[in-house]
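See structure below.
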Amino acid sequence: MFNESDYQFYDDSYRFVTPNWLSFENQNVIDSFLEKNNETMIDFIDDFSGKFDLQKNSFLECGCGLGGLSIKLSSSFTDCYGVDVSNLAIMGANRICELKNISNSQFQVGDLTKEINLKKQFDLIADSHLLHCLTDSSHRQNYFDFIKKHLSKSGYFLVECMTFQKNIDFPMEYELTDSSDIIHQGKKIRRLLTTHELEQEFLSAGFKINYLFYHDELAFDLFTDYKHYPHEKLPKTTRVGLSLN
C-alpha cells in the first residue's frame, strides 16, 4: 500500500503542475488545462463508444486528479464519480464542480490499492493513467480486485497506459531499475510492461479483452527536451478495453 511519503509525492506533483491557478480565478485557464490533460482519454472513450454498446448511467474515474474526465462526461452520464490518492487534487475537483454548477459528479480521496468499497457498480470505469503508476505487483492485483468488485456485469473498464519497448532508453534524469520495467526518479514512479505482458496480466487477473490498440507514438511528455529525443527509444501507449469474464 502507499505510505505517507507517497501521498505527499502526489500532492506535490499536482501542486507543481497546477501552480498558479489553484485559486480558481481564471475559468478559461482551468478549462484549457482540463481539456489538454484529458484529450487522449476523451478520444479513447469516443472511439470505444462507437464500437461497443456502452450504457451511460454511472461512470467511475480512477486516479481522477482534478476530475477533468468526469467533468467532461458529466453531461453524458447520469452519475460520475472520481477517486484519487491526492487530497489536493480532490479538493480542486470538488471546487471546479462548484464553479461549473455540476451536481452529478462526486469526488473522494482514496487509495485504490487498499480495500475500498464504494457500494456501487459502474457501467464504465476509466483508468486515468493510474495503472502504470502502480509499480508493486500486489498493488496492481488489489487494484484489479477493486475494479472487478465495482464493474457492472455489462460494464467496461478502459485503460490507457505507457508500455515498454525492448530498445527503450532514457535521458540522464531517468533510469530503469534492475528489473528493467520500472522507471524511477528518486523513487519508483512508473512500471512499464510490454503490450503482450500487459495483455497477459489482464487475462490472469480475470478480465476479458474486448479492445486492444497499440499506439506507435510517444506516450507522455516525460522530460523537457523529449521532442528532440529518438522516439523509438521512448515509451509508447496501449489502450485496452476490458470486461468481466
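Suppose each label sits 7 Å from its Cα in the direction of the beta carbon; what would the residue 120-residue 31 distance come out to in nanometres?
Calculated label separation equals 2.6 nm.
Mind ranking 63-75, 198-210 by how tightly packed they are, going by the mean number of other C-beta atoms within 10 angstrom, highest first? Walk me through the numbers on the way to the answer.
Working: 63-75: 23.6, 198-210: 15.5.
Listed from highest to lowest mean packing, they are 63-75, 198-210.
On full extension of the chain, what length is gained from residue 57 through residue 211, given 0.36 nm per residue of separation minus the C-alpha to C-alpha distance?
Values: separation 154, 0.36 × 154 = 55.44 nm, distance 2.12 nm.
Going from the current span to full extension adds 53.3 nm.
Which of the pairs 51/100; 119/153; 56/153; 72/120; 36/153 have their Cα atoms more than 25 Å apart in this structure?
Table pairs above 25 Å Cα-Cα are 51/100; 36/153.
At 0.36 nm per residue, and after removing the present C-alpha to C-alpha distance, how many nm does the segment from residue 148 to residue 39 gain when stretched out fully?
On the way: separation 109, 0.36 × 109 = 39.24 nm, distance 2.60 nm.
Length gained, residue 148 through residue 39: 36.6 nm.
Amide H to amide H, which residues 5 or more places from residue 189 or on other chains are under 5 Å from it, using H placed in the peptide plane?
183, 184
Every number here is computed from the coordinates shown, using simple stated rules; none is lab data. Bear in mind that the values here come from a model prediction, so they are computed numbers and not experimental data. Methodologically, a virtual Cβ is constructed for each residue, glycine included, from the backbone with ideal geometry; neighbour enumeration extends over all protein chains shown.
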